[in-house]
1. Of all residues in the stretch 26-70, count the ones that are surrounded by 13 or more Cβ atoms within 10 Å (Cβ to Cβ) and of a type in the set (S, T, N, Q).
2. From the set of residues in the stretch 71-95 that are surrounded by 10 or more Cβ atoms within 10 Å (Cβ to Cβ) and assigned to a loop (DSSP other than H, G, I, E, B), which is modelled with the lowest pLDDT?
3. For the stretch 2-25, enumerate the residues that are in a loop (DSSP other than H, G, I, E, B), hydroxyl-bearing (Ser, Thr, Tyr) and surrounded by fewer than 12 Cβ atoms within 10 Å (Cβ to Cβ).
4. Can you name every residue in the stretch 26-70 that is assigned to a loop (DSSP other than H, G, I, E, B), modelled with pLDDT of 95 or more and acidic (Asp, Glu)?
5. Could you list, in sequence order, all residues of the stretch 36-59 that are in contact with a strand residue (DSSP E or B) (Cβ under 8 Å, 6 or more places away or on another chain) and acidic (Asp, Glu)?
6. Name every residue in the stretch 12-35 that is among the polar types (S, T, N, Q) and at negative phi, in order of residue number.
7. Pairs only if they're at least six apart or on different chains, beta carbon under 6 angstrom, first in the stretch 45-66 and over 18 Å from residue 10 (Cα atoms) and in contact (Cβ under 8 Å) with a residue 40 or more places away in the chain, second of a type outside the set (Val, Ile, Thr) and not in a strand (DSSP E or B); list them, first residue then second.
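The values are calculated or read from the model by the stated rules, or taken from the named source; none is laboratory data. Since the structure is predicted, the reported quantities are computational estimates derived from the model, not experimental observations. Cβ placement follows ideal geometry from the backbone for every residue including glycine, while neighbour counts extend to all protein chains displayed.
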Amino acid sequence: TNLSTAILPACTEKIGYHAFGNCKNLTDISCYAITPPIADERAFEGIAENAVIRVLSSSIPLYAEDAVWKDFTILPLTEDVRTLEVNLPVGSESTYK
C-alpha cells in the first residue's frame with residue numbers, strides 16, 4: 001500500500017487486528033484522541049520501522065505508558081488544535097442559522 005500518513009480523529013476508540021498491517025510506507029500517524037485508542041497488538045504489524053505518532057502534548061504520557069503505543073516515537077502535534085463549542089437552542093423545532 002502507498003499509505004504514508006494516517007489521521008485518527010478524536011473519537012477513535014479502538015484499532016483492530018491488522019488495521020494498518022503491512023502498510024510499509026506508513027511513517028506518520030496523527031491521533032487526536034486524548035486517551036490512547038485500544039489497539040490490537042498486531043494493528044500496526046509491518047509498518048515502517050521509523051513510524052512516529054503525533055498526539056496532543058498533554059496526552060504524551062498516556063501514550064508512552066500504553067502497551068502498543070509506547071513502541072512508537074511519540075511527538076506532539078504541531079498543528080494548532082482548537083475546540084469549538086456551539087450551544088444550540090433547546091426545543092424540537094429549533095434551528096441554527
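1. The number of residues fulfilling the criteria is 3.
2. Of everything passing the filter in the stretch 71-95, 81 is modelled with the lowest pLDDT.
3. 17
4. Those that are assigned to a loop (DSSP other than H, G, I, E, B), modelled with pLDDT of 95 or more and acidic (Asp, Glu): 40, 41, 45, 66.
5. 40 - this is the single residue of the stretch 36-59 that is in contact with a strand residue (DSSP E or B) (Cβ under 8 Å, 6 or more places away or on another chain) and acidic (Asp, Glu).
6. Scanning the stretch 12-35 gives 12, 25, 27, 30, 35.
7. Within 6 Å, no pair qualifies.
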